[in-house]
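Please read the structure below before turning to the comments.
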Number of protein chains: 2
Amino acid sequence: MDKLFSVPLKGGCITDVFALSSIDELMTAFAALPQDSFFVFDENSANVFPSLPERNLVLPPGEVEKNWASIDKILSRALSLGMARDSLFVGVGGGVILDMTAFASSLYMRGARCILVPTTLLSAVDATLGGKTGIDYGGAKNIVGTFYPAESILICPETLKTLSDREFRCGLGEVVKHAFLSADTRLYDFLMSNKDAILRRDNETVSEMIRLSLEVKIHYITRDPEEKKGIRSCLNLGHTFGHALEAMRGYSVSHGEGVAWGMARAFEAGARTGITSFEYAESSIDLIRAFGFDIDSKIESSEFPAFMAAIAKDKKKKGGEVKFILMDGQGSPVLKALDENTIKSVVL
Amino acid sequence: MDKLFSVPLKGGCITDVFALSSIDELMTAFAALPQDSFFVFDENSANVFPSLPERNLVLPPGEVEKNWASIDKILSRALSLGMARDSLFVGVGGGVILDMTAFASSLYMRGARCILVPTTLLSAVDATLGGKTGIDYGGAKNIVGTFYPAESILICPETLKTLSDREFRCGLGEVVKHAFLSADTRLYDFLMSNKDAILRRDNETVSEMIRLSLEVKIHYITRDPEEKKGIRSCLNLGHTFGHALEAMRGYSVSHGEGVAWGMARAFEAGARTGITSFEYAESSIDLIRAFGFDIDSKIESSEFPAFMAAIAKDKKKKGGEVKFILMDGQGSPVLKALDENTIKSVVL
C-alpha cells in the first residue's frame, strides 16, 4: 500500500490517497480496519470481491438510487449496528455509492469517520477526492450534500478490470478534462501517446494515468478547498452542459458521457465567443472523440426549453446568473455567462 | 439592534449574536435582508408576527416533526424558489425549527447562508448557538445532522411573551444548567435573587438572564468547537438521562423538562458515587425545583429496560461506553460511566 498523495482540504482536514496493487492487498487492508467498521457496496463493487466483510450493506447500483431513500438505508443500518461517533464508514464502489456513503457518514451523529474505495475509473479520478458528498434532489444533480473529506482513499486499479467499456470510457472523460485543465501538457501528451494501452487497460499505464490525473485535480482543489474562489469550480468544465443533458435525458446518459459532450459544447462556445482559439478547440474536440465518445449528437429543438430549465438549476448560479467554464487555452479556464442564442447554437 | 457577542466557531466561522428590543425592530431587520431570502417558521412563531415575509414556509410545531419529511419540505421549497448557493435561509421559531432550518441550509447546494431567530427561551439560550443542526432519527434525538454555525442569531425577548408557562419553564431548565456549569456564581446568584421577576417575564430581567446564560455556553463551545475534547460535551449535563426519558415517553416530556429531570438524576448519581458533595447536590436540586420542575417523579420498573435501551443510543458513546456528566462542584463537570445499579437507584 503506497501513499500517493496527502491532500490538505477544508477546515484542516487531510485526505491520504493510497495505491493498492491487487484486490488481495485491498482485502487485507479491509481486515485491518477497526472491528466495528461498516462497509457499503453497490451490487457491482460487491461482485469484485471473493467475500465481503461481515458488517456490510449492498445497495442497487445507478444514479437513480442516489436519493434520500438510499441514505436512509445506510443510516438506519448504521444505527442498528450500534455505530458510535468514532466508528468508520467504508464506501466501496462508483461515484454514487462513494458520494452517498460519505454523505451518510457526514450526517451520522454529525460526522463519523469515512474511508472511500473507488472501484470505477470515474470515481478514482473524480468523485472521491475533495470532500464533495451528496445526493440528487428534485431533478437536480448533487443539489443536496455536504463538504466532508474522507480520511483516506484507497485506489486499486485491479478493481477496474471488471468495468464495461462504457463505464471505463466514462472515467476517461474526466481524465481528458484534467488534461485540458493541467497547467502543463504531461497528461495531454500521455493520453496522446498511450491511447491503445489505456483502452486495453494495461495495469501500469492506467495507474500512471490515474496518478497524473489526480495531480491536476489536487492542484485545483487545494487552491480552493471550499469552492469559494471560483478556482475549483473550473473542475466543472463541461459539467453545466453535461449535467443538463443528463438531467433532461433522465440519466440514461452517464456522467462521463455527459461531461465529454459538455466539454465539446464548451469548446465550441469558446470558439464562437472568441475565447478559445479555433485550433485549440478543434484539437481538443479531436482528443475527446479519439477515446470513443459520442460528442457529435445534438439535442432536438423541442428539447431546448427543458434543457434551459435544467441549466437554470445549476449550482454555479451566483446572483441569478449561470456561469459556464470556457477554455482560454491549455490550463486556462475562464468563467463566463452565455446568452441563450450562443447556447442554442452549440447544443442544437 | 445591539451586538451581544461575536462567537468564533468551527473552521473559522463566526456567529454574531444580536439583541433586538421589539418585534417591530425584528420585522425591520427582516425587511432589510436580501430579496431572495427564504423564511421558515413554525405555526407558533408565525403567530407572533402581524405579517410574514413573502417567501415563507410555515411548518407544524413539535418534536415529532423533527424528521426528514420536514427537511424535504424546506429543501423542495428552496429549490422551487430557485435559491442559489449564496441565498439566505432564515429560521424563526423554537429549537426544532431552528435545528431543521440550519440543517437544510447546510445541505442545500452543500451549504447556503443561514440566520436563526429563536422565539422560545429554550432556543435563545440553548439550541441556536454552536452550530449543531439536525433531526431525530430511528427513535434517537438529533442523531442525524451537521455542524453548521449560523452567520447571525437575532434574539428578541418580546417574542417570548406569547410562550406558555410550560414552554418558558423549559428554557429555564437550560438556564439553570448553565448556572451550574459556570465557573463563577453570577448566574446562580442572579437566578436566586430574581426568581419572581424571571417568572413574570420582566423584559430587562429576562434579557440579562439570557445574556449571562449565553456567556456560559460560549465559554464552553469556544474551547471545543467541534466537540472533540470532551469540554463541550459537558453542556450535555442532564441530557443523557433526560433524552432517554424523552425518547421513552415519546416526547410527551419536553426537552427542558427532560433536562431538568436529568440534572436532578445526575446530581443524585454524583452524590451516590462520591463525586458530588451531598450539600451541593441538595442545594442544586432545590434550585431546579424552585423554578417549578417536576423532578421528583421516577420511572416504573417495567420501563427500565426501554430506558436503558434509550441510554445505549446516546451519541456520547465512545468505544462502546456511555459517559454521564456529573458535577464535582460549581463549574466543575466530569465525564463518568455509570453501572446499571447506580442508574437504577436514581431513576426508579
*So, in nm, how far is label B:K10 from label B:R77 when the simple model puts each one 7 Å beyond its Cα toward the Cβ?*
2.5
*Okay, helix-only estimate at 222 nm for the protein assembly as shown: each DSSP H run of n ≥ 4 adds -39500 (n - 2.57), divide by all residues, round to 500 deg cm²/dmol; what do you get?*
-13000 deg cm²/dmol
*Consider just the alpha-carbon atoms of chain B and return their Rg together with their Dmax, both in angstrom.*
19.4, 59
*In sequence order, what are the phi-derived ³J(HN,Hα) couplings for the range B:282-294 according to the Karplus relation 6.51 cos²θ - 1.76 cosθ + 1.60 with θ = phi - 60°, rounded to whole Hz, with x for glycine and proline?*
5, 5, 5, 4, 4, 4, 4, 5, 4, 8, x, 7, 7
*Indicate the gyration tensor shape class of the range A:1-122 (rounded, prolate or oblate), computed on the Cα atoms with a ≥ b ≥ c the square roots of the eigenvalues: a/c under 1.5 is rounded; otherwise a/b larger than b/c is prolate and the rest oblate.*
rounded
_Net charge over other residues, Cβ less than 10 angstrom from the Cβ of A:R223 (K, R count +1; D, E count -1)_ = +1
*Going toward the positive end of the dipole of the protein assembly as shown, with +1 on Lys and Arg Cβ and -1 on Asp and Glu Cβ, which of A:S70, A:A312, A:A84 do you reach last?*
A:A84
*If only Cα atoms are counted, what is the Rg of the range B:191-243, and what is its Dmax, in Å?*
14.2, 39
*For the A-to-B rotation axis, chain A residue with nearest beta carbon and its distance in angstrom*: A:G11, 2
*In degrees between 0 and 90, to the nearest 10, how far off the longest principal axis of chain B does helix B:165-181 point, with axes built from Cα atoms?*
60
*With a cut-off of 14 Å, note down the residues of the range B:218-259 whose backbone N falls inside the zone around a label point 7 Å from the Cα of B:S164 toward its beta carbon.*
B:252-257
*Highest GNM mean-square fluctuation, chain A, Cα pairs closer than 10 Å: which of A:M248, A:M27, A:M209?*
A:M27
*How much of the calculated P(r) for the range A:1-64 lies past 16 Å, in percent of all Cα pairs?*
60
*Which distances in nm, rounded to one decimal and ordered from shortest, link the label point of B:A32 to the equivalent label points in the other identical copies, with labels set 7 Å from Cα toward Cβ?*
5.8
*Would you mind ranking A:Y220, B:Y148 so that the residue whose beta carbon has the fewest other beta carbons within 10 Å leads the list?*
A:Y220, B:Y148
*Average beta-carbon neighbours from other chains, 10 Å sphere, peptide A:208-217*: 0
_Average beta-carbon neighbours from other chains, 10 Å sphere, peptide A:139-147_ = 5
*Please compute the net charge surrounding A:D42, taking Lys and Arg as +1 and Asp and Glu as -1 over other residues with Cβ under 14 Å from its Cβ.*
-3
*asked:* At 7 angstrom along the Cα-to-beta-carbon line, where would the label on A:A309 sit relative to the other copies? Give the distances in nm, shortest first.
replied: 4.7
_Calculated label separations, A:L199, copies of the chain, 7 Å along the beta-carbon direction, nm_ = 8.5
*Report, for chain B, the % of DSSP beta bridges that are antiparallel, rounded to 5.*
45
*Report, by chain and number, residues whose modeled amide H sits under 5 Å from the one on A:T15, excluding near sequence neighbours (fewer than 5 apart, same chain).*
A:V7, A:L9
*Going down the list B:K132/B:K161; A:K66/B:K336; A:K141/B:K3, which pairs span over 29 Å between their C-alpha atoms?*
A:K66/B:K336; A:K141/B:K3
*Please compute the Cα-Cα pair-distance distribution of the protein assembly as shown with 10 Å bins starting at 0, giving whole percents from short to long.*
3, 15, 23, 23, 17, 11, 6, 2, 0
*Hey, could you pull the Cα Rg and Dmax for the range A:49-204, both in Å?*
16.6, 52
*Under Karplus coefficients 6.51, -1.76 and 1.60, residue-wise ³J(HN,Hα) of the range A:19-36 in Hz, glycine/proline x*: 9, 10, 7, 7, 5, 4, 5, 5, 5, 5, 5, 4, 5, 8, 6, x, 4, 8
_Given points 7 Å out from each Cα along the Cα-Cβ axis, report the B:L348 to B:L33 separation in nanometres with one decimal._
5.0
*Going by C-beta contacts inside 10 Å, put A:V64, B:V92 in order with the fewest on the left.*
A:V64, B:V92
_Of the candidates A:G329, A:G94, A:G138, which one comes out as most mobile in a Gaussian network treatment of chain A with C-alpha springs shorter than 10 Å?_
A:G138
_In Hz, Karplus ³J(HN,Hα) per residue of the range B:44-54 (6.51, -1.76, 1.60; θ = phi - 60°; x = Gly, Pro)_ = 5, 5, 4, 6, 6, 9, x, 8, 10, x, 5
*Between the helical axis of B:239-248 and the dominant principal axis of chain B, each derived from Cα atoms, what acute angle in degrees is found, rounded to the nearest 10?*
80
*Pairwise Cα inverse-distance average, inverted: Kirkwood Rh of the range A:177-296 (Å)*: 15.2
*List B:K132, A:K195 from most exposed to least, where exposure is judged by having the fewest other Cβ atoms within 10 Å.*
A:K195, B:K132
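Just so you know, all these numbers are worked out from the coordinates, no wet-lab data involved. Because the structure is a prediction, the values reported are computed rather than measured. Ideal geometry is used to build each Cβ from the backbone, glycine not excepted, and the neighbour counts take in all protein chains shown.
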